Amino acid sequence: FSLGKSDSLRRAISKKKEEVMREAREDFVKGCVENKIEKRIADKIFNFIVHFAGYGFNKSHSAAYAMISYRTAFLKANYPVEFMTALLSSEKDNTDKVVLYIEEAKRMALKVLPPDVNESFPQFTVVAADTIRFGLSAVKNVGQTAIDAIIQGRIKQNRFKSFYHFTENVDLRVVNRKVLESLIKCGAFDSMGLFRSQLFAILDNALAIAGDIQKDRESGQKSFFDSFEKKEGFTKNFHNVPDISEWSDNEKLLNEKEMLGFYVTGHPLDRYHKELRSYSTASTKTINQRREGEEITIGGIVHKLKFTQTKKNNEKMAIVGLEDLDGTLDMLVFPKTFKEFGHHLVKDAILFFKGNVDKKEQEPKLLVSEIVPLPDIHKKFTRSIHVRLLTDALQENLLKNLQETLSHYPGSVPVYLEFVDKDNVASQMLVDRTLFVRPNETLVLSLRKLAGEEAVSLKI
């Protein structure tokens, strides 16, 4: 090969370009034969090159990776909380990686807590043998100057005793209203015993009082409140806190997502994990293992949504970012599908998507063919319902209650009762056609209440 052809082959090897490799084989074998190398041997040599292109390293490179793999495995096994804390800090700006590592930490029985003004430092921090605390630098609108002011105030006061105590003892010129709102929303004041809704309600009052106190201090005057600072409970009792209920779980989680880029204390999908498990044939974690063009169903929450138009005919379409319990996935809803199902597309809606896997680019996408809202998922996708019953724990009125429950939801979906004895031998019975059902969320919840959470399965 000339130097130019050699470099072209090198690029094809590094990028795994099969078509270029096939073309290069012909030239390679032809060049070998011209240089009195047998065709058989030339083919054998090129087969080595093709094999190496699959995933090849020289020995020094492999040895370096082996050492890193061993060291990280050792640290993860012997210092799990320190290892995961360092890993999270190293990827703090990569939302997908942080979500993945938080899930891994939970799998390792480690707790990952939201930021806290009394415990957090800029980065993720180890706060107990099995607990990691979020860093303040992860919070939107909270810059390094504000973080420095919070940590300095905390060191000086030993610990912030209340929200009012906090606002009185940090520099409000840098820890301003916007910073405080962000810290409340992400849960950084949760340890002070007030609801996030209550903190928002007293924010103006706290800023006004703290602002006056800080002005007096700067002018050399002693504040009235400073006279009572050693009287335990005075500040807490003096300041009125409205008796209002906390934000809904969904609102709290959405605020966490807004401020941190992900959910920490929970996930809006947690309560729907059974539906996701039952009706999703793939997840964001497993989609890479699916074939190009394979049809899958996946459920999750719409975390990004962009409406656009095709260049050719100016037809409406959408680019959707889906988030499930494992990560995120980009999806394309083309005009034909958009016309039929586009009205379901709303930010933060929980939806199921059917479509074909597109792996033409580096990250897989889903080309959507159908969209189903969560409340319709049972009746849309359920092909049969299976109820598992243990014969030795079978109560006399259970079958009667099951029959009565099924009769309230008449439809065309068959229901199978699976009886399991003490030796784990199972026998299955199809209920009478008059007890076939039209599935919905209420029916499924009723069956799980009667037979047990794990006893009811839905087949699609």
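Relative contact order (percent) for the chain, with alpha-carbon contacts under 8 angstrom and 6 or more residues of separation?
Answer for the chain is 8 percent.
Loop sites only, by DSSP: take the chymotrypsin sites (Phe, Trp or Tyr not before Pro) in the chain that have at most 10 other C-beta atoms within 10 Å and name the longest stretch containing none of them.
By the stated rule (loop sites, at most 10 other Cβ atoms within 10 Å), 225-460.
Rg (Å, one decimal) plus Dmax (Å, integer) for the alpha carbons of the chain?
Computed over the Cα atoms of the chain, radius of gyration and Dmax are 30.4, 101 Å.
What whole number of Å gives the distance from the Cα centroid of region 80-125 to the Cα centroid of region 247-287?
With region 247-287 and region 80-125 each reduced to a Cα centre, they are spaced 18 Å.
Using θ = phi - 60° and the Karplus form 6.51 cos²θ - 1.76 cosθ + 1.60, what ³J(HN,Hα) does each residue of region 202-219 get, whole Hz, x for Gly and Pro?
Taking θ as phi minus 60°, the curve returns 9, 4, 4, 5, 4, 5, 5, 5, 5, x, 5, 4, 5, 5, 4, 4, 5, 8 Hz for region 202-219.
For His408 and Arg433 in one chain, what is 0.36 nm times their gap in residues minus the Cα-Cα distance, to one decimal in nm?
7.6 nm
With Kirkwood's inverse mean 1/r over C-alpha pairs for Rh, give me the Rg to Rh ratio of region 356-460, two decimals please.
We get a ratio of 1.12 for region 356-460.
Can you work out ³J(HN,Hα) from phi for every residue in region 396-407, in order, using Karplus 6.51 cos²θ - 1.76 cosθ + 1.60 and θ = phi - 60°, giving whole Hz and x for Gly and Pro?
Calculated HN-Hα couplings, in order: 4, 9, 5, 4, 5, 5, 4, 4, 5, 4, 4, 5 Hz.
For the chain, what is the calculated [θ] at 222 nm in deg cm²/dmol (nearest 500), taking -39500 (n - 2.57) for each run of four or more DSSP H residues and dividing by its residue count?
Helix contribution divided over all residues of the chain: -13500 deg cm²/dmol.
So if each residue of separation counts as 0.36 nm, and I subtract the Cα-Cα distance between Phe57 and Gln152, what length gain in nm does that give?
29.2 nm
What length, rounded to one decimal in nm, is gained on full extension from Ile41 through to Glu26, with 0.36 nm per residue of separation minus their alpha-carbon distance?
Difference between extended and current length: 4.0 nm.
Just grab the label-to-label distance for Glu91 and Val346, each label 7 Å out from Cα along the Cβ direction, in nm (one decimal).
Calculated label separation equals 3.4 nm.
Roughly how many debye, to the nearest 20, is the charge dipole of region 1-91 about its Cα centre, given +1 on each Lys and Arg Cβ, -1 on each Asp and Glu Cβ, and no other charges?
Computed about the Cα centre, the dipole is about 220 debye.
With θ taken as phi - 60° and the coefficients 6.51, -1.76 and 1.60, list the Karplus ³J(HN,Hα) couplings across region 240-256 in order, rounded to whole Hz; mark glycine and proline as x.
Residue by residue, region 240-256 yields 7, 10, x, 8, 10, 7, 6, 4, 4, 4, 5, 5, 4, 5, 5, 5, 4 Hz.
About its Cα centre, how strong a charge dipole does region 16-174 have in debye, to the nearest 20, once Lys and Arg get +1 and Asp and Glu get -1 at the Cβ?
Dipole of region 16-174, to the nearest 20 debye: 280 debye.
Please report, in debye to the nearest 20, how large the charge dipole of the chain is about its Cα centre when each Lys and Arg carries +1 at its beta carbon and each Asp and Glu carries -1 there.
Dipole magnitude for the chain comes out near 1420 debye.
Pick out, from Leu402, Ser427, Phe341, the residue whose Cα sits farthest towards the positive end of the charge dipole of region 311-460, with +1 on the Cβ of Lys and Arg and -1 on the Cβ of Asp and Glu.
Value: Phe341.
Using modelled backbone amide H atoms (1.01 Å from N, in-plane), which distant-in-sequence or interchain residues come within less than 5 Å of Leu305's amide H?
When sequence neighbours closer than 5 places are left aside, the close amide H contacts are Gly321.
Provide, for q = 0.17, 0.19, 0.20, 0.24 Å⁻¹, the log10 of I(q)/I(0) from a solvent-free Debye sum over equal Cα point scatterers in region 56-166.
Summing over Cα pairs of region 56-166 leads to -0.87, -0.99, -1.05, -1.26.
Values quoted throughout were computed directly from the atomic coordinates according to the rules given, and no laboratory measurement underlies them. In this text the structure is predicted, and so the values were computed from the model without any measurement. In this analysis, Cβ positions are derived from the backbone assuming ideal geometry, glycine residues included, and neighbour counts consider all displayed protein chains.
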